[in-house]
Structure formats: structure tokens, C-alpha cells
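Chemist: Structure in C-alpha cells, see below.
The values are calculated or read from the model by the stated rules, or taken from the named source; none is laboratory data. Nothing here was measured: the structure is a model prediction, and the numbers come from that model. Here the Cβ is made from the backbone with ideal geometry for all residues, glycine too, and neighbour counts use every protein chain on show.
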């Protein structure tokens, strides 16, 4: 039987992704480090990030070689605000030099860097003053952006201002599982607003320094599905979609800020501040109303119990959702789209090969519909410190497994698959037969 092949454009970016706190190690000046040290169940097993993947002390360059071994030509990484500005207005030039060397190593390996300027962590001095709730937080962030981009622009021209503002705000200020551990809906919206204003200022500052720069942000999207046909379940699903997705889309595309429960306002400066938009996609969630959750407006959500899902409450594994999200983003913004994160927590690498193939099949579908999807950054290159899940092996995401006692890396089967995909620029029936035969009929129906 001849091999069937889905071919991606020749200039498509095949990448991986990491974040500073999750891989660098010993980020002792940020709020997450401080949060971890408190114990008391804030992180799984009371783990602390410690050395993480030991990038700061030299293993970044080793792992850049591993990126090249995967045939990738792009990598998304973040730089740590608290390393560069550990105290307000005090710049750490050794840290800036280290980041410059990492970026230079990427470029020397033929790997195009995308730098994220905020990926969930703040300097302790920022958090002590109220973090993103402080009215000066956009000014603080903009000062950092000007310094970091001003020193590093010769090594990078693709910038992601803020990673997942809605995840950061919901986990820290609504769910309360992340620092600062607050549960208040009004604070959630105030933080998202502050981060969007900060993105806007950063966008303009970056272009003032580097006019040819490509600047965007990474938006995590969840597909919210009513658990039943009951009107209250549909209401909860629509409420969650609006609060998590649409309120941000409307603000960035129209300048209208309309939080739930607070006064609406017009922020025209938010418009036209995206050269591209990043999609981080992982799961679909059921949503429903529960009398037992009245303190949280009756909101309950979780994976469909009859569908494939990740560990615990991770969510339903619904790879075709990536196509739905791409189409929604393009309809809203009409700018190029990068899949800045996509992956699955999978300790034993049983789900990941099928996830990669199915997800990319749906990315290809969007490309074939003339949607300008510029690249795909798999989350993650390596197992790493997974925030509140710490080093729980159920939440390992890496194409390379990591032994955190010895720092030994092991290429997984999913990594071998991704290397074949990136090297050929295709996904094929042959790959599917060898790596994920259980999904062959879905990808290549007769």
C-alpha cells in the first residue's frame, strides 16, 4: 500500500518549548521559589524546584544539541525577570550575558528563538508590593522589557510578551492554587486587565527598540462543553468560556473590557498590538452547575468521565480541539498563529505519540484551509518542574525524560517520532502504523 503523507509548508517552524523557572534551577529571587519553600502541600509532595533541569549551570547548551538532534528549527524559552532585576532598578548583567549566550547557542545550532518575557513568575519585590494588582505593575514590567530587549535584541526578533495571562490569573487569584493563593473573581479580572495593559506597553516598547520585531502573546484556550443539555449547564459553560477566553479576545481585538461583575470600560490602546497570536492548547472540559459549589457561583468543571483524559482533573484529551481553537483565533484576529504549546502529561509515553500525530493532523487541516499557522512548539522538550504538580511523574511532558537525581536525559519514543516529523516536514501513514497504530483509521480512513 502506498504511503499517505500530509506535507507542511517548507518554512513551517518545528519547535519545542520550555520556561525559565521550570528548567533553569535555583531561581531564588522569584515568588514561585518563595511559595515552594513554605511547604504545607502547596506543591505536590512538598517538592521544590531546586536545580530543575540545571540549565543555568550549563546544561542549556547540552539540551540545545538535543533540539538539533530532534531536527527542530525553533525553540520557545522564557527569560527570568527576577534574575535580570532581582531588586527594583538593579540590573544583573551576568544574567543578561548568560541569556545572550543561550540565545547565541540556539542560533548557532540553526534554531530560531522565541523569547517569552513573562512566564508565571515575578520578582519577590514585585509580589511583596501586590504583584499585578498594584497600579504600577505595567510600569515595572515595561521597564524590565525595555532593558531585556534592549540588551538581547541582536540575538532574537520574535517576542512573546506574556504567557497565558488567564491561566496565571485564574490559578493565582481565583482557584488559589498558585502564588499568591487568592480566591476572588474581581481580583482575577483585575489581574488579567493589568497584564493586557502591560502587554500593550511592551508591544510598543519592543517595536521602538526593534522595529522589525514580531511580537505577540500566548493565549491558553480551553474548550468548555456543557455536561448536559440542561440550560444551567450551558450557562456555566458559556460563563467559563467568556471569563477564560472571550473577555481577553474582545479586549485585544476591540478595546472593550467587559469583566463579569465589574464596570465595563474602553481601552483602545489594546487594539492592534499583535503581530501574531500564540495558541496553547491541551484539553476540553465539561462544565456544569452544582448546588454544592454555590460559593463559587455554582461552577463545576472536569473531564468527561467517558472520554480519554489526563491524570486527575487534567481534562479530556481532545486533539481535534486544536483545529477549533485555531479557527476561532483567526476569525477573531486575522493575524498569523503560532501553536506555542501543545502536549500531554504522560509518564510512560503511551499517549504522547498518538497525541502528536492527531494534533498535527488537525494543524495541517487548518493550514490547508489557508490559515497562516507559522509553527508548532511542542510542550515540552524535557520533563521539568510542573508548578503545583512539582515533580509528580504523572505530569511529565518531555520528549526527553529526565532523571532529576542524575540529570540524565533519555529520548522517548515520542521524541523519535517528533524528530521524524520535523526532519521530513510531514506526518505519514507509515509513521502512524509504527508509532500509534490504534489511531490509524482516524487519520487515514479508507
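Chemist: For the stretch 90-100, check the following and say yes or no: at least one residue is in contact with a strand residue (DSSP E or B) (Cβ under 7 Å, 6 or more places away or on another chain) and either farther than 16 Å from residue 19 by Cα or part of a strand (DSSP E or B) (or both). Let's see the steps before the verdict.
Modeler: Initial filter on the stretch 90-100 (in contact with a strand residue (DSSP E or B) (Cβ under 7 Å, 6 or more places away or on another chain)): none.
Scanning the stretch 90-100, I find no residue that is in contact with a strand residue (DSSP E or B) (Cβ under 7 Å, 6 or more places away or on another chain) and either farther than 16 Å from residue 19 by Cα or part of a strand (DSSP E or B) (or both), so the answer is no.
Chemist: Of the residues 60, 52, 74, only one is at positive phi and surrounded by 19 or more Cβ atoms within 10 Å (Cβ to Cβ); which? Spell out the reasoning first.
Modeler: Numbers: 60 fails: at positive phi; 74 fails: at positive phi.
Unique residue meeting the criteria: 52.
Chemist: Something else about it: Answer yes or no as to whether residue 132 is crowded, with 20+ Cβ neighbours inside 10 Å, touching a residue at least 60 places away in the same chain (Cβ under 8 Å) and assigned to a helix (DSSP H, G or I).
Modeler: On the way: crowded, with 20+ Cβ neighbours inside 10 Å: yes; touching a residue at least 60 places away in the same chain (Cβ under 8 Å): yes; assigned to a helix (DSSP H, G or I): yes.
Considered against the rule, which asks whether it is crowded, with 20+ Cβ neighbours inside 10 Å, touching a residue at least 60 places away in the same chain (Cβ under 8 Å) and assigned to a helix (DSSP H, G or I), residue 132 comes out as yes.
Chemist: Applying the selection to the stretch 1-29, what residues are in contact with a strand residue (DSSP E or B) (Cβ under 6 Å, 6 or more places away or on another chain) and not in a loop (DSSP other than H, G, I, E, B)?
Modeler: If the condition is that a residue be in contact with a strand residue (DSSP E or B) (Cβ under 6 Å, 6 or more places away or on another chain) and not in a loop (DSSP other than H, G, I, E, B), then 5, 6, 7, 13, 15, 16, 17, 20 are the ones that fit.
Chemist: Can you tell me how many residues within the stretch 331-376 are more than 22 Å from residue 19 (Cα to Cα) and more than 18 Å from the chain's Cα centre (by Cα)?
Modeler: 23
Chemist: Out of (1) assigned to a helix (DSSP H, G or I); (2) under 19 Å from the mean Cα position of the chain (by Cα); (3) over 21 Å from residue 329 (Cα atoms), what's the single condition that is false for residue 245?
Modeler: Residue 245 satisfies every listed condition except (3).
Chemist: Further question on the same structure: Regarding residue 363, is this residue over 19 Å from residue 398 (Cα atoms), part of a loop (DSSP other than H, G, I, E, B) and at pLDDT 95 or above? Before you say what the answer is, go through the steps one by one.
Modeler: Values: over 19 Å from residue 398 (Cα atoms): yes; part of a loop (DSSP other than H, G, I, E, B): no; at pLDDT 95 or above: yes.
Criteria not met by residue 363.
Chemist: When residues of the stretch 270-299 are filtered for being out of contact with any strand residue (DSSP E or B) (no Cβ under 6 Å at 6 or more places or on another chain) and surrounded by fewer than 16 Cβ atoms within 10 Å (Cβ to Cβ), how many remain?
Modeler: 8
Chemist: Quick check: is even one residue across the stretch 16-24 more than 20 Å from residue 98 (Cα to Cα), within 22 Å of the chain's Cα centre (by Cα) and in contact (Cβ under 8 Å) with a residue 24 or more places away in the chain?
Modeler: So the first thing to find is which residues in the stretch 16-24 are more than 20 Å from residue 98 (Cα to Cα), and the list is 16.
Cutting the leftovers down to within 22 Å of the chain's Cα centre (by Cα) gives us 16.
Now drop any that are not in contact (Cβ under 8 Å) with a residue 24 or more places away in the chain, which leaves 16.
Yes, there is a match, as at least one residue in the stretch 16-24 is more than 20 Å from residue 98 (Cα to Cα), within 22 Å of the chain's Cα centre (by Cα) and in contact (Cβ under 8 Å) with a residue 24 or more places away in the chain.
Chemist: Which one is farthest from residue 337 (Cα to Cα) among residues in the stretch 201-219 that are under 19 Å from the mean Cα position of the chain (by Cα) and buried (at least 23 other Cβ atoms within 10 Å of the Cβ)? Explain how you work it out, then say what you get.
Modeler: Residues of the stretch 201-219 under 19 Å from the mean Cα position of the chain (by Cα): 202-203, 214-219.
Now drop any that are not buried (at least 23 other Cβ atoms within 10 Å of the Cβ), which leaves 202-203, 215-219.
Details: 202: 19, 203: 17, 215: 12, 216: 9, 217: 10, 218: 10, 219: 11 Å.
So the residue we want is 202.
Chemist: Kindly indicate whether any position in the stretch 262-269 is under 22 Å from residue 215 (Cα atoms), without any contact (Cβ under 8 Å) to a residue 60 or more places away in the chain and surrounded by 18 or more Cβ atoms within 10 Å (Cβ to Cβ).
Modeler: Quick first cut of the stretch 262-269, residues under 22 Å from residue 215 (Cα atoms) only: 267-269.
Going one step further and asking which of them are without any contact (Cβ under 8 Å) to a residue 60 or more places away in the chain, we end up with 268.
Applying the additional criterion that residues be surrounded by 18 or more Cβ atoms within 10 Å (Cβ to Cβ) yields none.
No, the stretch 262-269 contains no residue that is under 22 Å from residue 215 (Cα atoms), without any contact (Cβ under 8 Å) to a residue 60 or more places away in the chain and surrounded by 18 or more Cβ atoms within 10 Å (Cβ to Cβ).
Chemist: If you don't mind, another one. Residue 152 fails exactly one of the following numbered conditions: (1) part of a helix (DSSP H, G or I); (2) over 20 Å from residue 270 (Cα atoms); (3) free of Cβ contacts under 8 Å to residues at least 60 places away in the same chain. What is the number of that condition?
Modeler: If we test residue 152 against (1) part of a helix (DSSP H, G or I); (2) over 20 Å from residue 270 (Cα atoms); (3) free of Cβ contacts under 8 Å to residues at least 60 places away in the same chain, just (3) comes out false.
Chemist: Same structure, new question: Going residue by residue through the stretch 77-87, is there one that turns out to be in a helix (DSSP H, G or I), loosely packed, with under 15 Cβ neighbours inside 10 Å, out of contact with any strand residue (DSSP E or B) (no Cβ under 6 Å at 6 or more places or on another chain) and touching a residue at least 60 places away in the same chain (Cβ under 8 Å)? It would help to see each step written out before you state the result.
Modeler: Just the residues of the stretch 77-87 that are in a helix (DSSP H, G or I), to begin with: 81-84.
Keeping just the survivors that are loosely packed, with under 15 Cβ neighbours inside 10 Å gives none.
No, that holds for no residue.
Chemist: Next question, about the same structure. Can you name the residue in the stretch 384-407 that is in contact (Cβ under 8 Å) with a residue 60 or more places away in the chain and within 30 Å of residue 9 (Cα to Cα) and, of all such residues, is farthest from the chain's Cα centre (by Cα)?
Modeler: Restricting to residues being in contact (Cβ under 8 Å) with a residue 60 or more places away in the chain and within 30 Å of residue 9 (Cα to Cα), the top hit is 400.
Chemist: If I go through the stretch 155-179 residue by residue, how many of them are part of a loop (DSSP other than H, G, I, E, B), at pLDDT 95 or above and buried (at least 21 other Cβ atoms within 10 Å of the Cβ)?
Modeler: 4
Chemist: Take the residues of the stretch 362-375 that are in contact with a strand residue (DSSP E or B) (Cβ under 8 Å, 6 or more places away or on another chain) and farther than 8 Å from residue 338 by Cβ: which is surrounded by the fewest Cβ atoms within 10 Å (Cβ to Cβ)? Break it down stepwise before answering.
Modeler: Pass one, the stretch 362-375, residues in contact with a strand residue (DSSP E or B) (Cβ under 8 Å, 6 or more places away or on another chain): 363-364, 366-367, 371-375.
Next cut, farther than 8 Å from residue 338 by Cβ only: 363-364, 366-367, 371-372.
Details: 363: 27, 364: 20, 366: 21, 367: 18, 371: 17, 372: 14.
Among those that are in contact with a strand residue (DSSP E or B) (Cβ under 8 Å, 6 or more places away or on another chain) and farther than 8 Å from residue 338 by Cβ, it is 372.
Chemist: Here are some conditions: (1) surrounded by fewer than 20 Cβ atoms within 10 Å (Cβ to Cβ); (2) part of a strand (DSSP E or B); (3) touching a residue at least 24 places away in the same chain (Cβ under 8 Å). Residue 410 meets all but one. Which one does it not meet?
Modeler: (3)
Chemist: Sticking with this structure for a sec: Taking the conditions exactly as written (modelled with pLDDT of 95 or more, within 18 Å of the chain's Cα centre (by Cα) and part of a helix (DSSP H, G or I)), does residue 279 satisfy them or not? Full working, then the answer.
Modeler: Numbers: modelled with pLDDT of 95 or more: yes; within 18 Å of the chain's Cα centre (by Cα): yes; part of a helix (DSSP H, G or I): no.
When the stated conditions are applied, residue 279 does not pass them.
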